[in-house]
Amino acid sequence: MGPVHVPGHGLLRGRVAVVTAAAGTGIGGACARRMLEEGARVVISDAHERRLGESLAGLEKEFGAGAVAAVPCDVTSEEQVQRLFAGAEERMGPVDVVVNNAGLGGSTPLVEMTDEQWHRVIDVTLNGTMRCTRAALTRMRPRGRGVIVNNASVLGWRAQEGQAHYAAAKAGVMALTRCAALEAAPYGVRINAVAPSLAMHPNLAKVTTEELLAELTAKEALGRAAEPWEVANVIVFLASDYSSYMTGEVVSVSSQHP
């Protein structure tokens, strides 16, 4: 029997949320949908403008045009990050929640990895999270409230062959989360992260071999990968007032065993 989708309970009613890398069927898209189900107005963003437009059209049809907006953004560009937040405020008003979901993976042994491959993963996954966190804090601190949730990975703790760049970036996201949370706390802003192990979606299947997916799935105590919306549920919890005493935490979303 598969997991049961829990209906919304208005946990984010009246909030404005920005979700990066939200086009498509991965964790970002699931997070945007889940936040809409919980009553938030959501600005979705992605570097892939065609997919972003398709995602926007689908969400508008389901939740209404006033509930969701889209702003294209490549998180490796400070100029585009600033346009994202300015555009979000223009369309929806002050931003209450930011989910930094943008990340880039790949599998390459370190001895074969080029500087370009290393820098690209670090720039999207770690530097992009820093840029968006910085932009969000600049706006949230004067208001005295706000929540940021970063998407890390269990690979920030655990080793996996071919993942030196991605694991280093995600470990950096964890450290960034903790340090930024200390700086933000006096201003009433909370910053936490999730660390999923294996969430199955079509984009992951395209860039991962069936053998590796089978190996990773076998390590999960529940015998399956997570649904993206199961990770989104935890992100919603961290974005909501149910986690009001949590900041600087990294929450594992995993059934993985050693």
Residue hits (region 76-90; crowded, with 16+ Cβ neighbours inside 10 Å and either under 18 Å from GLY146 (Cβ atoms) or touching a Lys or Arg at 6+ places or on another chain (Cβ under 6 Å) (or both)) are VAL81, LEU84, PHE85, GLY87, ALA88
Could you say which residue among ALA30, ALA17, ALA40 is modelled with pLDDT of 95 or more and closer than 16 Å to PRO228 by Cα?
-> ALA30
Which members of region 39-51 meet the condition of being surrounded by fewer than 23 Cβ atoms within 10 Å (Cβ to Cβ) and part of a loop (DSSP other than H, G, I, E, B)?
-> GLY39, ALA47, HIS48
If we ask which residues in region 1-22 are among the hydrophobic types (A, V, I, L, M, F, W, C), in a loop (DSSP other than H, G, I, E, B) and buried (at least 24 other Cβ atoms within 10 Å of the Cβ), their number turns out to be 3
Among the residues of region 17-55, write down those that are under 19 Å from VAL81 (Cα atoms) and of a type in the set (A, V, I, L, M).
-> ALA17, VAL18, VAL19, ALA21, ALA22, ALA23, ALA32, VAL42, VAL43, ILE44, ALA47, LEU52
Conditions: (1) surrounded by 16 or more Cβ atoms within 10 Å (Cβ to Cβ); (2) touching a helix residue (DSSP H, G or I) at 6+ places or on another chain (Cβ under 8 Å); (3) over 20 Å from VAL253 (Cα atoms). ALA30 meets all but one. Number of the miss?
-> (3)
Filter result (among the basic types (Lys, Arg) and at pLDDT below 75) within region 173-230 = LYS206, LYS219
Does any residue of region 154-173 turn out to be touching a residue at least 60 places away in the same chain (Cβ under 8 Å), within 24 Å of ARG13 (Cβ to Cβ) and surrounded by 15 or more Cβ atoms within 10 Å (Cβ to Cβ)?
-> no
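The values are calculated or read from the model by the stated rules, or taken from the named source; none is laboratory data. Since this is a predicted model, take the numbers as computed values, not measurements. In this analysis, Cβ positions are derived from the backbone assuming ideal geometry, glycine residues included, and neighbour counts consider all displayed protein chains.
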